[in-house]
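Novice: Sharing a structure below in structure tokens format, with a few things to ask.
Derivation of every value follows stated rules applied to the coordinates shown; laboratory data play no part. None of these values were measured; they are calculated from a predicted model. No Cβ is skipped: glycine too gets one built from the backbone with ideal geometry, and neighbour counts run over all protein chains shown.
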Amino acid sequence: MERHTPLFARHQALGARMVDFAGFAMPVQYEGIRKEHLAVRQAAGLFDVSHMGEFIVEGRGAKAFLNYVLANDIGRIKPYQAQYSYIPNPEGGVKDDLIVYQFDAQRFMLVVNAANVTKDWDWLTQHIQDFDVHLTDISEDTALLALQGPRAAKVLQPLTPLDLGKIAFYHFAVGDVAGIPNVIVAATGYTGAGGFELYVNASDAERLWDAVMETGEVTPAGLGARELLRLEMGYLLYGNDMDEHTLALEAGLGWVTRFNKDFIGKTALLKAKSEGLKRRLRGMLVEDKGIPRHGYPVVDETGQNIGRVTSGGHSPILQKGIALGYLPSNFSSKRVFVQIRNKFVQVKVVKPPFITPEQASQKTS
Amino acid sequence: MAADPVNIPEDLRYTSEHEWARREGDVVVIGITDYAQKELGDIVYVEVEVVGETVGRGDVLGTIEAVKTVADLYAPLSGEVLEANETLTSEAEKINEDPYGEGWIVKVRPSDWDEWDALLTAEQYRQLIA
């Protein structure tokens with residue numbers, strides 16, 4: 001049965017086009033993907049991403065547990081700080097990617113992908129025995145609104161006594177927003193446009209949504225815009241760009257893999273590292289016309305298949321097709337093509353992000 | 001802000017693949033319907049590669065790339081493809097803004113007018129998408 005977020009009625013009232021995403025009826029667009037994308041890059045857009053899962057990890061063994069089941073080093077963050085990380089499997093693949101929020105040394109929140117909530121829960125609880133830690137799934141009771149864009153702080157500040165200017169990137173604060181107590185205001189996101197993610201009790205979600213919308217300065221934005229925004233930044237999408245069968249290091253997750261501690265998958269990842277990676281996730285930029293899409297083959301100049309597109313789309317900022325895909329580490333071909341139906345379209349292999357920070361968050365005064 | 005009703009002009013003919021056709025003398029102008037442009041969402045490119053060629057009914061005339069997805073444009077009738085709408089090269093969004101006007105896609109000179117009579121009427125098309 002299809003699940004609804006606490007904001008389902010708001011999406012319907014706005015005439016959103018709904019799609020199934022990880023079992024939830026989610027808004028893919030309201031008035032148009034392009035308009036919503038632009039609003040986020042140039043002003044402020046509001047997303048309902050309440051389908052995401054949230055787990056609370058608490059106890060004296062919280063840090064030790066997280067350092068064992070996650071690849072990144074939890075010791076690198078302080079209270080009221082967030083960290084991008086992932087759950088490796090024993091083979092060095094990716095069970096899920098997530099954000100960890102630290103409240104204090106014994107209390108954390110993990111924000112995981114909607115499609116993986118059950119899988120992650122089972123996995124984490126399976127490995128909990130040796131640690132003095134308690135795990136709670138608060139996904140049902142938690143709504144998540146992402147207010148993203150260069151004007152996000154200006155829009156949100158009148159609604160809260162928190163000093164938003166003091167919340168640095170990947171930090172957060174907890175306080176009143178729109179009269180709702182204990183809202184987690186985090187300077188995190190999946191767009192590259194800046195702004196905040198607001199975690200709130202499900203029962204307060206509509207009130208918060210309404211308060212932000214009533215500022216009159218915010219465009220509701222759906223998953224369609226979100227997909228293009230994250231792709232322009234080269235952010236990974238679980239299930240497309242990486243999964244249980246892609247080595248985390250091949251997916252470019254080396255920067256959140258810390259070998260200074262023991263964790264599940266460490267041995268496999270160290271081995272892969274010493275043997276050398278066979279393939280790497282790369283960015284591809286279409287120089288001419290054409291939109292690479294998920295699953296399209298990537299070939300070299302001899303027509304040899306060398307990979308496939310894991311995520312692709314048309315960048316509204318660049319006005320060009322962009323894609324992510326795995327290519328052999330040692331590919332020697334100077335020319336790489338994506339097969340778009342019956343045509344071979346040349347692409348430039350690049351290192352994401354595809355756009356500059358100035359393009360991602362366009363501050364107009 | 002609920003979705004706008006779908007516009008289906010009475011004076012046009014339609015296909016089950018959501019093309020429309022307008023007769024202008026011995027030429028037929030072809031595009032995609034308001035329903036189709038709404039379904040596709042923001043359109044990015046249109047590619048027509050059969051200008052000057054003779055096509056059969058149901059042949060692919062071109063490709064419509066939208067932000068979300070890609071769709072083929074099929075020939076509602078057989079004939080010679082006379083021209084493609086040059087405006088769409090730089091402004092494909094005209095299809096979203098004005099699907100029956102500035103967003104026309106190709107002009108065809110039909111070789112068999114019996115095929116025209118076989119196209120759907122506005123009423124038939126309305127029932128199809130209902």
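Novice: Quick check on region B:5-18. Is at least one of its residues closer than 25 Å to A:L38 by Cβ, more than 14 Å from chain A (Cβ to nearest Cβ) and touching a residue at least 40 places away in the same chain (Cβ under 8 Å)?
Specialist: Of all residues in region B:5-18, those closer than 25 Å to A:L38 by Cβ come to none.
For region B:5-18, residues closer than 25 Å to A:L38 by Cβ, more than 14 Å from chain A (Cβ to nearest Cβ) and touching a residue at least 40 places away in the same chain (Cβ under 8 Å): absent.
Novice: In region A:168-187, what count of residues is obtained for those that are buried (at least 19 other Cβ atoms within 10 Å of the Cβ), in a loop (DSSP other than H, G, I, E, B) and within 21 Å of the chain's Cα centre (by Cα)?
Specialist: Of the residues in that region, 1 qualify.
Novice: Just checking, which of A:G222, A:G195 is more than 14 Å from chain B (Cβ to nearest Cβ) and among the small types (G, A, S)? Please lay out each step first, then the result.
Specialist: Details: A:G222 fails: more than 14 Å from chain B (Cβ to nearest Cβ).
The conditions single out A:G195.
Novice: Could you please tell me which pairs satisfy a Cβ distance under 8 Å, a separation of 6+ or placement on different chains, a first residue in region A:248-269 that is over 23 Å from A:T310 (Cα atoms), and a second residue that is among the acidic types (D, E) and part of a loop (DSSP other than H, G, I, E, B)?
Specialist: A:R258/A:D73; A:N260/A:D73; A:K261/A:D73; A:G265/A:E91; A:A268/A:E91
Novice: Considering only residues that are surrounded by fewer than 21 Cβ atoms within 10 Å (Cβ to Cβ) and more than 14 Å from chain A (Cβ to nearest Cβ), look in region B:95-108 and name the one that is nearest to B:I8 (Cα to Cα). First the steps, then the outcome.
Specialist: Residues of region B:95-108 that are surrounded by fewer than 21 Cβ atoms within 10 Å (Cβ to Cβ), as a first pass: B:96-98, B:100-102, B:107.
From what is left, the residues that are more than 14 Å from chain A (Cβ to nearest Cβ) are B:98, B:100-102, B:107.
Details: B:D98: 12, B:Y100: 9, B:G101: 13, B:E102: 16, B:K107: 20 Å.
Of everything passing the filter in region B:95-108, B:Y100 is nearest to B:I8 (Cα to Cα).
Novice: Then there is this: Can you pull out every residue in region A:327-357 that is part of a loop (DSSP other than H, G, I, E, B) and within 14 Å of A:G312 (Cβ to Cβ)?
Specialist: Of all residues in region A:327-357, those part of a loop (DSSP other than H, G, I, E, B) come to A:329-335, A:341-342, A:351-356.
Once the filter is applied, which keeps residues that are part of a loop (DSSP other than H, G, I, E, B) and within 14 Å of A:G312 (Cβ to Cβ), region A:327-357 yields A:R341, A:P352, A:F354.
Novice: Restricted to region A:188-210, and to residues that are of a type in the set (G, A, S) and buried (at least 16 other Cβ atoms within 10 Å of the Cβ), which residue is farthest from A:A146 (Cα to Cα)?
Specialist: Applying the first criterion (of a type in the set (G, A, S)) to region A:188-210 yields A:189, A:192-195, A:202-203, A:205.
Restricting the remaining residues to those that are buried (at least 16 other Cβ atoms within 10 Å of the Cβ) gives A:189, A:192-195, A:202, A:205.
Details: A:G189: 7, A:G192: 12, A:A193: 11, A:G194: 10, A:G195: 8, A:A202: 14, A:A205: 12 Å.
This residue is A:A202.
Novice: Given region B:12-112, what helices (runs of 4 or more DSSP H) lie entirely inside it while holding 3 or more residues that are under 30 Å from A:K320 (Cβ atoms) and out of contact with any Gly (no Cβ under 6 Å at 6 or more places or on another chain)?
Specialist: Values: elements: B:34-40, B:87-90, B:94-97.
Those helices (runs of 4 or more DSSP H) span B:34-40, B:87-90.
Novice: Could you give every pair whose Cβ atoms fall below 6 Å, whose first residue belongs to region B:61-89 and is more than 13 Å from B:E17 (Cβ to Cβ), and whose second residue is surrounded by fewer than 22 Cβ atoms within 10 Å (Cβ to Cβ) and of a type in the set (S, T, N, Q), counting only separations of at least 6 or pairs across chains?
Specialist: If the second residue must be surrounded by fewer than 22 Cβ atoms within 10 Å (Cβ to Cβ) and of a type in the set (S, T, N, Q), the pairs left are B:S78/B:S111; B:G79/B:S111; B:E80/B:T54.
Novice: Return the residues of region A:111-136 that are in contact with a Gly (Cβ under 8 Å, 6 or more places away or on another chain), closer than 18 Å to A:E58 by Cβ and surrounded by 19 or more Cβ atoms within 10 Å (Cβ to Cβ); say none if nothing qualifies.
Specialist: Once the filter is applied, which keeps residues that are in contact with a Gly (Cβ under 8 Å, 6 or more places away or on another chain), closer than 18 Å to A:E58 by Cβ and surrounded by 19 or more Cβ atoms within 10 Å (Cβ to Cβ), region A:111-136 yields A:V111, A:V112, A:D120, A:F131, A:V133.
Novice: What residue, of A:V309, A:V345, is more than 25 Å from the chain's Cα centre (by Cα), of a type in the set (V, I, T), within 14 Å of another protein chain (Cβ to nearest Cβ) and buried (at least 19 other Cβ atoms within 10 Å of the Cβ)?
Specialist: Numbers: A:V309 fails: more than 25 Å from the chain's Cα centre (by Cα).
Among A:V309, A:V345, only A:V345 is more than 25 Å from the chain's Cα centre (by Cα), of a type in the set (V, I, T), within 14 Å of another protein chain (Cβ to nearest Cβ) and buried (at least 19 other Cβ atoms within 10 Å of the Cβ).
Novice: Could you please find all residues in region A:120-173 being free of Cβ contacts under 8 Å to residues at least 40 places away in the same chain and not charged (D, E, K, R)?
Specialist: If the condition is that a residue be free of Cβ contacts under 8 Å to residues at least 40 places away in the same chain and not charged (D, E, K, R), then A:T125, A:Q126, A:Q129, A:Q157, A:T160, A:P161, A:L162, A:L164, A:G165, A:I167, A:A168, A:F169 are the ones that fit.
Novice: Which of the residues that make up region B:74-93 are away from chain A (no Cβ under 13 Å), buried (at least 18 other Cβ atoms within 10 Å of the Cβ) and within 21 Å of A:H314 (Cβ to Cβ)?
Specialist: Across region B:74-93, the qualifying residues are B:A84, B:N85.
Novice: Among the residues that make up region A:218-233, is at least one of them among the polar types (S, T, N, Q), surrounded by fewer than 23 Cβ atoms within 10 Å (Cβ to Cβ) and touching a helix residue (DSSP H, G or I) at 6+ places or on another chain (Cβ under 9 Å)?
Specialist: Filtering region A:218-233 for residues among the polar types (S, T, N, Q) gives A:219.
Applying the additional criterion that residues be surrounded by fewer than 23 Cβ atoms within 10 Å (Cβ to Cβ) yields A:219.
Pick out the ones that are also touching a helix residue (DSSP H, G or I) at 6+ places or on another chain (Cβ under 9 Å) and you get A:219.
Scanning region A:218-233, I find at least one residue that is among the polar types (S, T, N, Q), surrounded by fewer than 23 Cβ atoms within 10 Å (Cβ to Cβ) and touching a helix residue (DSSP H, G or I) at 6+ places or on another chain (Cβ under 9 Å), so the answer is yes.
Novice: When the residues of region A:6-47 are narrowed to those that are touching a His at 6+ places or on another chain (Cβ under 7 Å) and crowded, with 23+ Cβ neighbours inside 10 Å, which ends up farthest from A:G224 (Cα to Cα)?
Specialist: We begin by selecting, within region A:6-47, every residue touching a His at 6+ places or on another chain (Cβ under 7 Å); these are A:18, A:21-22, A:24-27.
Checking the rest, the ones that are also crowded, with 23+ Cβ neighbours inside 10 Å come to A:26-27.
Values: A:M26: 10, A:P27: 8 Å.
So the residue we want is A:M26.
Novice: Restricting to region B:45-61, count the residues that are surrounded by fewer than 22 Cβ atoms within 10 Å (Cβ to Cβ) and away from chain A (no Cβ under 11 Å).
Specialist: Residues meeting the conditions: 11.
Novice: Quickly run through region A:205-240 and pick out the residues that are within 24 Å of A:R76 (Cβ to Cβ) and assigned to a loop (DSSP other than H, G, I, E, B). Walk me through it before giving the result.
Specialist: Step one: list which residues in region A:205-240 are within 24 Å of A:R76 (Cβ to Cβ), which gives A:230, A:233-236, A:238.
Within region A:205-240, A:G234, A:Y235, A:L236 meet the criteria.
Novice: Restrict the check to region A:288-302 and report whether at least one residue is more than 14 Å from A:E232 (Cα to Cα), touching a Pro at 6+ places or on another chain (Cβ under 6 Å) and within 14 Å of chain B (Cβ to nearest Cβ).
Specialist: There is no residue in region A:288-302 that is more than 14 Å from A:E232 (Cα to Cα), touching a Pro at 6+ places or on another chain (Cβ under 6 Å) and within 14 Å of chain B (Cβ to nearest Cβ).
Novice: What tally of residues in region B:1-44 results from selecting those that are surrounded by fewer than 19 Cβ atoms within 10 Å (Cβ to Cβ), in contact with a helix residue (DSSP H, G or I) (Cβ under 9 Å, 6 or more places away or on another chain) and within 15 Å of B:D72 (Cβ to Cβ)?
Specialist: The number of residues fulfilling the criteria is 2.
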